[in-house]
Amino acid sequence: MAAEAIDDRRVAELSGPERAAVLLLVLGDEYGAPIWASLDDDELRKVTLAMSTLGTVSSKLVETVLGDLASQYNRLTVVGDFDRTHELLLKLLPRERVDPIMEEIRGPAGRTIWQRLSNVQDNLLANYLKTEHPQTVALILSRIRADHSARVLALLPDDFSTDVMVRILQLDTVSKEALDQIEDNLRTNFIANLSQTSRRDAHDLLAEIFNSFDRQNETKFMEALEGVAFKSAEKIRALMFTFEDITKLDANSAQVLIRNIDKTDLCKALKGASPATREFFTSKMTQRAATVFMDEMQGLGPIRLKEVDEAQQRIIAIAKGLADKGEIIISKAGNDDDMILE
């Protein structure tokens, strides 16, 4: 639910976690600390979610919530939003307990649940929605960006998507209670789970970091890691995509890559490559083009190892970009028979 002023809402409309959020905002970090510390993780998650979406609460509503204590807060107005809630919790609880809950609440980038949904990948949202009721899907797609809705709708089963379109045409005014329930379900059943499952594997993350090192730092840090976590170092090495791994590309992928890389970069990159890697690239050229290329590479003369590493990194980045777009296939696996050895 988007943060909004709740001045005119009746106390009866406030949930238990919302009432607790109002009380804890009034008490502040000094007097509210014992209460926060006594909450278990489930209670903490509910109150934190309520507080981060509470919005502005008038003194009138505060007085009503606090009952007998109202006279002490005649002029008090409190505001609950994500940043204030995060700041308050960090004063009261260990970061390792606070951050996972706040990350779960924030979900993908965006302030409202609808902004967050607009930042969710089309296929992930479509896979979730195809198990929902068509009326619910119609309401959700009517509230996110049209271009995003179009892509998601195209990924849904044909009959299902047709039903959803008809229901969008028939959408009438939706009650606030129904909308709140849908938002709450999205937040707790989809966004929160998405935040938990989308975290990257640590080995994969480190492999990407190692791919960005120059040769000297890669060797230094890999040796250091092997000394303290040998198995992890082996896994990271297997996940890394190096310049030499380009020789494992199939013929079509290699041709696509060669067409997309700068020839000067390729000359520099092959200066520091094995003879087999040089042969891999030149074998994909005509005999005349290969001769011209080798002459150009020799014409560069001696160059610094740093320049070789930088050129290789640029080519690796292009290869990964082409793979992400599905234009080439990168495979770390394969039979030794498919590899060009020195």
Problem - Close pairs (7 angstrom Cβ cut-off, 6 or more residues apart or separate chains): farther than 16 Å from residue 255 by Cα in segment 271-297, in a loop (DSSP other than H, G, I, E, B) anywhere - result: 271/300; 271/303; 274/342; 275/342; 276/340; 276/341; 276/342
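Inside segment 128-171, can you point out the residues that are outside any loop (DSSP other than H, G, I, E, B), farther than 17 Å from residue 187 by Cα and charged (D, E, K, R)?
Residues of segment 128-171 that are outside any loop (DSSP other than H, G, I, E, B), as a first pass: 128-129, 134-143, 146-155, 158-169.
From what is left, the residues that are farther than 17 Å from residue 187 by Cα are 134-135, 138, 142, 146-155, 158-169.
Selection gives 147, 151, 158, 159, 163, 167.
Looking at segment 29-43 only, could you name the residues that are out of contact with any Leu (no Cβ under 8 Å at 6 or more places or on another chain) and not in a loop (DSSP other than H, G, I, E, B)?
First, pick out the residues of segment 29-43 that are out of contact with any Leu (no Cβ under 8 Å at 6 or more places or on another chain): 30-31, 34, 38-43.
Listed by number, the residues that qualify are 30, 31, 34, 38, 41, 42, 43.
Residue-wise test of (1) surrounded by fewer than 17 Cβ atoms within 10 Å (Cβ to Cβ); (2) under 24 Å from residue 206 (Cβ atoms); (3) more than 31 Å from the chain's Cα centre (by Cα); (4) assigned by TED's automatic domain parsing to the domain that holds residue 299.
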site	(1), (2), (3), (4)
232	yes, yes, no, no
236	no, yes, no, no
246	no, yes, no, yes
251	yes, no, yes, yes
257	no, no, no, yes
261	no, no, no, yes
266	no, no, yes, yes
269	no, yes, yes, yes
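The values are calculated or read from the model by the stated rules, or taken from the named source; none is laboratory data. Computed from a predicted structure; not experimentally measured. Note that each Cβ is placed from the backbone with ideal geometry, even for glycine, and that neighbours are counted across all protein chains shown.
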